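Below is one structure, written out as structure tokens; the observations come after it.
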Amino acid sequence: MELMEEQKLTVLINGEETECDVLFTYVDDESGKVFIGYTDHSKTKDGRTNIFYSSYDPVLGPEKLEKVTDPREVELIKDILQEIDRSVKNGTV
């Protein structure tokens with residue numbers, strides 16, 4: 001997993017082009033896909049920051065993002081987010 005610094009990504013959120021900060025990328029050796037986590041810094045009703053995730057083919061690049069729907073891949077993303085959260089809480093990021 002690679003945590004990103006100062007990288008931006010423009011995506012459609014609720015039909016509007018939105019500039020987001022890239023939080024991480026992760027290359028899954030099993031599927032060959034790259035997973036990318038990003039945020040527009042909007043908040044949920046309970047005050048948590050919205051984090052979005054997608055995947056893309058490394059040959060095509062992040063211009064063609066795809067939804068992550070496979071249950072194994074969703075679990076993988078959850079594990080990555082938990083690892084990031086632990087690192088932030090421990091001060092290792």
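What are the pairs, 6+ residues apart or on separate chains, where a residue within segment 28-57 that is closer than 15 Å to ASP79 by Cα has its Cβ under 7 Å from a residue that is among the acidic types (Asp, Glu) and part of a loop (DSSP other than H, G, I, E, B)?
Filtered contacts from segment 28-57: PHE35/ASP28.
If I go through segment 1-53 residue by residue, how many of them are outside any strand (DSSP E or B), surrounded by 10 or more Cβ atoms within 10 Å (Cβ to Cβ) and at pLDDT below 90?
Selection size over segment 1-53: 4.
Inspect all residues belonging to segment 63-71 and state whether any of them is at pLDDT below 90 and of a type outside the set (A, V, I, L, M, F, W, C).
Yes.
Say we look at segment 63-93 and pick out the residues that are among the charged types (D, E, K, R) and assigned to a loop (DSSP other than H, G, I, E, B); which of these is nearest to the chain's Cα centre (by Cα)?
Restricting to residues being among the charged types (D, E, K, R) and assigned to a loop (DSSP other than H, G, I, E, B), the top hit is LYS67.
The values are calculated or read from the model by the stated rules, or taken from the named source; none is laboratory data. Just so we're clear, the structure is a prediction, and the values are computed from it rather than from any experiment. Heads up, the Cβs are rebuilt from the backbone with ideal geometry, glycines too, and the neighbour counts pull from every protein chain shown.
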